[in-house]
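Only one structure is covered here, and it is reproduced in the block below.
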Protein chains: 2
Amino acid sequence: MCYICFVNKITKTKREVVALVPKKTVARLILYKRFLKQLIDDGVKNTYSHDIATKFGVTATQVRRDLMCVGYHGASRSGYDVKKLYDEILRFFINTEGKDVVLVGVGNLGRALLSYFSGGKSHIRVVAAFDNDEHKVGRVICGCRCYHINELKDFVDKNKIHTVMLCAPATAAQDIAVQLIKSGVKGILNFSPVRLNLSADVYIEDFDITMNLEKVMFFAGSNTGFEEKINV
Amino acid sequence: MCYICFVNKITKTKREVVALVPKKTVARLILYKRFLKQLIDDGVKNTYSHDIATKFGVTATQVRRDLMCVGYHGASRSGYDVKKLYDEILRFFINTEGKDVVLVGVGNLGRALLSYFSGGKSHIRVVAAFDNDEHKVGRVICGCRCYHINELKDFVDKNKIHTVMLCAPATAAQDIAVQLIKSGVKGILNFSPVRLNLSADVYIEDFDITMNLEKVMFFAGSNTGFEEKINV
DNA sequence: GCAGAAAAGTTATTTTTTTCACAAAACAAG
DNA sequence: CTTGTTTTGTGAAAAAAATAACTTTTCTGC
């Protein structure tokens, strides 16, 4: 039972329910899920909102707020049953779990990502890589076969792929992204430092290393040498 | 002249001014800066808030609000002088520009990042890498020399490094982060999938690949097959 | 059984961020 | 010179997100 639907006494599409969940809540729920998985592996049976909160540097209220969105109800005083809460979060992420992704652009960064996901540490599988360089096509890199980008549409159709990690160079990213969308891709994790201009029904998450590094540099700098008085 | 100080008729420390600028504005300003640099290279003299807005998928008002924080004033009707605006944004990021960073953890991801920054495409220089693996110490990887992590403190002191890209494995990340802080580091771009528990005066940006990929998978999934009615 | 404590769930409030709406400026055309 | 258009700058409103405050439940110890 989802509190949002409950209080509004409504039947909604999943899409509508998802739209009511704050984006940042989704991000935190993914982290909570990871933590709960670890607790299960460690044999921990119960946990509390303030446990989770401490782990991620947020408030306990925030955690409870977030958990309201997935529908599992803990018990007063004894907190959350780790296994049940985990299962309920999985249910919330039902469209995510077990799904595969592909990588496009097998440069240095692409290869590092293939390696990162090949270790079996993550539950996400990168099932294919695509590039337009004939030298890479046909090779198996970190356990992942590399195909020509022209084969993408077939592969996406056949394997019901929704999500792509895009590691193409900046100059090619937009064109490739258009091709991805034509192939039926619905979500892109964009590692290239350009904004992709695409139709609104595709979800794009920009993962801009340089921008984020500069952001850290800015705030790191503001921790030092920013004490002088100014009247800008 | 910064409008925040102006309207409040106050003299503040730079730190206080920075605190008044929304974090998201800082992120966008970095993107605007990049765009303006490109405009300069392309020989474009003037630009407008809606140009920048279209480029990044935000509203023109948002852009103007963001630019208020850096203090440069455009001209009604003729927009912004690209060069002057760029310079003013640089001035805002004065503590960031020209500063160097180091990388800690020379695994696959670390190497890919060294390669990424070695091409000279970015204006940020990664001037050293650190690892505790004796096999890596002393080697030069993508033009970047690798030192033992014990040499970090000296290097940071000598070269006035504030910012680190941390690519250590999850199990080691927290311990290494503590060591970084002891060495005087003020900002960490954290690629490892664990939250670092550190004192509040250090800026940490989590760059969690798996989490972000899952987020994309979730929203990509919500674009398909989420039309069924539910009453959760 | 009862008082007190600890925890979840939820409403209300506050804070932060974004958008709206419009004044002022500047240019263009007649 | 005047009128209309375009664009910036910004106060006010709205929306989104986070936090605080309060209620209820459940357990513990007496």
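The values are calculated or read from the model by the stated rules, or taken from the named source; none is laboratory data. Nothing here was measured: the structure is a model prediction, and the numbers come from that model. Here Cβ is always computed from backbone atoms with ideal geometry, including for glycine, and neighbour counts include all displayed protein chains. These area figures cover heavy atoms from the full protein model, side chains too; ligands, DNA and RNA do not enter into them. Shrake-Rupley method; radii C 1.70, N 1.55, O 1.52, S 1.80 Å.
The table below gives the values:
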{"quantity": "Segment A:75-106 - residue that is within 10 Å of DNA strand D (Cβ to nearest atom) and part of a loop (DSSP other than H, G, I, E, B) and, of those, most open to solvent (accessible area, probe 1.4 Å)", "calculated": "A:R77"}
{"quantity": "Criterion violated by A:K121 - all others in (1) at the interface with another protein chain (Cβ under 9 Å from one of its Cβ atoms); (2) buried (at least 16 other Cβ atoms within 10 Å of the Cβ); (3) of a type outside the set (S, T, Y) satisfied", "calculated": "(2)"}
{"quantity": "Identity of the residue in segment A:55-70, over 30 Å from A:V164 (Cβ atoms) and either acidic (D, E) or facing chain B (nearest Cβ under 9 Å) (or both), that ends up farthest from DNA strand D (Cβ to nearest atom)", "calculated": "A:K55"}
{"quantity": "Strands (runs of 3 or more DSSP E) contained entirely in segment A:126-232, each with at least 2 residues that are out of contact with any Gly (no Cβ under 6 Å at 6 or more places or on another chain), within 9 Å of chain B (Cβ to nearest Cβ) and closer than 21 Å to A:T96 by Cα", "calculated": "A:163-166, A:187-190, A:203-206"}
{"quantity": "All positions within segment A:50-69 that are open to solvent by less than 80 Å² (accessible area, probe 1.4 Å), more than 8 Å from DNA strand C (Cβ to nearest atom) and of a type in the set (D, E, K, R)", "calculated": "A:D66"}
{"quantity": "Verdict on B:Y72 being surrounded by 17 or more Cβ atoms within 10 Å (Cβ to Cβ), part of a loop (DSSP other than H, G, I, E, B) and more than 19 Å from the chain's Cα centre (by Cα)", "calculated": "yes"}
